[in-house]
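The structure under discussion appears below in the form of structure tokens.
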């Protein structure tokens with residue numbers, strides 16, 4: 001009985017460690033300013049957050065990249081008056097992220113993990129060939145506020161940033 005309990009505890013511990021190790025596979029995409037300052041209002045600063053993400057593919061080269069879109073709380077109100085239309089998106093080619101044309105998929109292959117991040121379907125229509133890239137949910141984008149130290153050449157300045165990561169399950 002004691003031996004069975006010890007084996008069960010050992011198996012549980014191994015599964016917990018394996019799950020935690022796999023869940024922690026994250027690759028940094030970008031760091032952007034934590035607050036967005038409207039062009040037409042230097043006093044109004046809005047916190048930035050991730051609004052969406054998607055993958056893009058280039059079939060001729062087999063390359064894939066992740067695109068992260070950002071927003072701020074009052075973007076619906078100020079967006080029309082803001083010439084930049086909010087924080088600019090991040091485009092990142094991540095090592096290990098590639099397009100596999102034979103599998104019609106965006107695949108992340110790195111850190112001992114191989115996962116399908118998105119499926120790619122091709123459609124032929126009146127206006128030519130189009131690709132639809134659909135996320136599978138195995139790869140997601142997360143964001144975390146952080147403080148970065150920047151060397152200005154004279155002194156060190158601490159700035160608040162929003163770090164984005166591609167997390168692979």
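Per-structure values
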{"item": "Test: residue in the stretch 101-122 that is out of contact with any helix residue (DSSP H, G or I) (no Cβ under 8 Å at 6 or more places or on another chain), under 30 Å from residue 44 (Cβ atoms) and surrounded by fewer than 19 Cβ atoms within 10 Å (Cβ to Cβ)", "result": "no"}
{"item": "Boolean, residue 43 is surrounded by fewer than 16 Cβ atoms within 10 Å (Cβ to Cβ), assigned to a loop (DSSP other than H, G, I, E, B) and at pLDDT 75 or above", "result": "no"}
{"item": "Pairs, first at positive phi and free of Cβ contacts under 8 Å to residues at least 24 places away in the same chain in the stretch 93-119, second assigned to a strand (DSSP E or B) and buried (at least 16 other Cβ atoms within 10 Å of the Cβ), C-beta under 9 Å, six or more apart", "result": "104/120; 112/25"}
{"item": "Qualifying residue in the stretch 54-73 (condition: over 15 Å from the mean Cα position of the chain (by Cα) and over 30 Å from residue 104 (Cα atoms))", "result": "yes"}
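The values are calculated or read from the model by the stated rules, or taken from the named source; none is laboratory data. Please read all numbers here as calculations on a predicted model, not as lab measurements. Note that each Cβ is placed from the backbone with ideal geometry, even for glycine, and that neighbours are counted across all protein chains shown.
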